[in-house]
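First comes the structure, then the notes that go with it.
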Amino acid sequence: MTKDNFYLTTPIYYANSTPHIGHAYSTIAADILARYHRVTGNGKAHFLTGTDEHGQKIADAAQQAGKAPKEFCDEIVERWKMEWKSLDISYDQFLRTTDQYHEQAVQQIFFRLREQGDIVPGTYEGWYCRNDETFWPESKLVDGHCPNPECGRPVEWVSEDAWFFTLSKYRDRLIEHFNAHPDWVRPASAWNEMASLLRGGLEDLCVSRVGVTWGIPIPSEDKTIYVWFDAICNYITAAGYPENMDRFHRLWPADVQLIGKEILRFHTILWPAILMALKLPLPKLVVANGWITMEGQKMSKSLGNVIRPAELLETFPLDAVRYVLFAQAPFGADFSFSEETMLRRYNAELANDLGNLVQRVLAMLARYRDGVVTARSSGDELNAEFDETARAVRDALDAVDYRAALQAIWERVGGLNLYVEQAKPWQLNKDANNALLDETLYNLCEGLRWIAALVYPFMPHTGAAIWNALGQAGVPGDRWEDTLHWGQLDPGTKTTLPPSLFPRVEHQPSAV
Ligand SMILES: [Zn+2]
């Protein structure tokens with residue numbers, strides 16, 4: 001079996017609370033890539049997301065809620081799935097670390113590494129942050145507290161018999177990999193940070209826990225497997241490792257692993273070392289997204305400025321949220337998000353630039369030609385411009401550069417708006433300049449057909465609404481190789497006016 005799928009993953013999210021805009025951002029990022037690869041590739045993308053459900057924090061949260069941990073997770077997971085549904089997330093697989101196939105696979109991975117001497121016995125003594133489920137070296141502590149800037153809680157001294165993953169053994173090979181692949185972790189700042197961490201040295205990692213009972217047990221011992229070891233293996237257990245190797249080889253290695261920058265260390269040091277120990281290829285690309293700040297401040301529960309996606313959807317159409325999140329900043333950078341930003345970009349780029357263009361063109365076609373697509377036109381420079389834009393969008397999305405792709409598409413949106421102003425179809429109609437009017441209307445409709453296809457990965461509803469209004473069936477632009485050629489809109493096609501794509505947002509959104 002050989003690899004025949006574009007395999008992309010989100011982090012699996014910790015099931016102790018429900019999604020905020022940061023989780024939505026990472027997951028929509030994966031959704032855009034999945035949709036893009038389905039319409040441009042061989043149609044086969046495999047988009048994995050899921051939930052990380054073990055560990056003391058979950059056990060504590062469940063106890064507080066008066067529930068058994070699994071029952072607690074079952075309820076939380078339903079809420080994550082509902083949230084993804086409301087954001088139009090087209091995942092192919094949802095893994096829960098409490099799924100039996102995952103638990104068994106992690107035990108097998110653990111045994112295999114222990115058998116081959118990559119997991120060895122020892123004693124663990126060290127400072128442990130219960131909140132982050134992370135051991136911290138004393139040198140990293142900040143005034144005796146957890147050094148994670150998001151946490152800062154007191155740490156506990158833990159001493160126990162334990163199993164260690166021989167991470168230090170892989171340091172040289174990791175450094176080699178980083179040097180040979182200066183682009184495998186993005187953005188560059190993330191690569192630099194992890195490369196310098198590696199140069200500073202690596203300690204073996206404790207991968208068992210005595211006190212934590214809510215986890216994958218190590219059979220015939222009173223220990224469970226460290227939740228991070230358990231969770232990080234999900235990317236291969238989901239693909240079928242080690243039981244279903246046929247399926248596994250069709251998926252692995254992952255093409256893109258999207259993560260938050262706070263979990264870089266686990267995904268670019270621990271994870272590749274585990275894969276090296278298992279003699280498996282490493283993911284092709286790991287991309288860390290930045291943090292969304294609220295008017296310059298990091299979102300946090302204590303500041304009470306956490307944005308829930310559902311609150312945004314009370315005011316704005318889903319596609320507008322998907323658009324603004326990715327138009328706002330280069331992927332990987334922190335960026336500020338506020339109600340002013342959302343409203344300004346909504347009115348300018350969506351309601352005005354795109355929404356009006358679509359309404360205007362199709363209304364003119366309805367008025368002058370009864371909504372029927374006119375005789376084909378070669379499009380001349382429009383044709384060349386759209387070819388160039390499709391190439392630019394592909395280059396950008398292949399490089400996981402969402403903003404560059406949107407900028408390229410919006411150049412064409414602007415170009416078509418200018419074309420309307422310059423060609424003046426209303427004047428051509430008044431002058432009964434029928435040949436030129438037909439040509440102009442065809443060019444505009446064909447341009448909209450390309451726009452529908454190009455925006456679809458970002459804005460599935462908008463893409464489909466334009467596509468359907470143009471009398472086209474199926475997924476917009478599916479497959480680009482076949483559909484993105486100038487002149488594929490057939491003369492005689494009956495068009496309709498689409499529903500209002502970006503209705504006016506009258507009031508200042510209070511929830512944002
Ligand atoms: Zn902490």
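Quick check, is residue 109 out of contact with any Cys (no Cβ under 7 Å at 6 or more places or on another chain) and at pLDDT 95 or above?
Spelling it out, it is not the case that residue 109 is out of contact with any Cys (no Cβ under 7 Å at 6 or more places or on another chain) and at pLDDT 95 or above.
Condition first: small (Gly, Ala, Ser) and on the phi < 0 side of the Ramachandran plot. Can you find one or more residues in the range 291-299 that meet it?
no
Can you name the condition, by its number, that residue 302 falls short on among (1) in a loop (DSSP other than H, G, I, E, B); (2) closer than 21 Å to residue 83 by Cβ?
(2)
Can you list the helices (runs of 4 or more DSSP H) found entirely within the range 387-455 that contain at least 2 residues being surrounded by fewer than 19 Cβ atoms within 10 Å (Cβ to Cβ), at pLDDT 95 or above and among the basic types (Lys, Arg)? It would help to see each step written out before you state the result.
Working: elements: 402-423, 425-430, 434-455.
Ranges flagged: none.
Being touching a Ser or Thr at 6+ places or on another chain (Cβ under 6 Å) and surrounded by 15 or more Cβ atoms within 10 Å (Cβ to Cβ): is that true of residue 198 here?
no
Kindly indicate whether any position in the range 138-147 is assigned to a strand (DSSP E or B), among the charged types (D, E, K, R), at pLDDT below 95 and within 16 Å of the ligand (Cβ to nearest atom).
no
Which one of these is within 16 Å of the ligand (Cβ to nearest atom), hydroxyl-bearing (Ser, Thr, Tyr) and not in a loop (DSSP other than H, G, I, E, B): 128, 124, 101, 170? Don't jump to the end; show me each part of the working.
Details: 124 fails: within 16 Å of the ligand (Cβ to nearest atom); 101 fails: within 16 Å of the ligand (Cβ to nearest atom); 170 fails: within 16 Å of the ligand (Cβ to nearest atom).
None of the other options fit; the residue is 128.
I need a count of the residues in the range 148-159 that are away from the ligand (no atom under 14 Å from the Cβ) and surrounded by 14 or more Cβ atoms within 10 Å (Cβ to Cβ).
The total comes to 0.
Taking the range 456-496, which residues are assigned to a helix (DSSP H, G or I), charged (D, E, K, R) and under 23 Å from residue 367 (Cα atoms)?
Scanning the range 456-496 gives no hits.
Can you say whether residue 133 is on the phi > 0 side of the Ramachandran plot and within 11 Å of the ligand (Cβ to nearest atom), as far as the supplied structure shows?
Answer is yes for this residue.
The values are calculated or read from the model by the stated rules, or taken from the named source; none is laboratory data. Owing to the predicted nature of the structure, the values given are computational and were not obtained by experimental measurement. Counting neighbours? That spans all protein chains shown, and the Cβs are built from the backbone with ideal geometry, glycine included.
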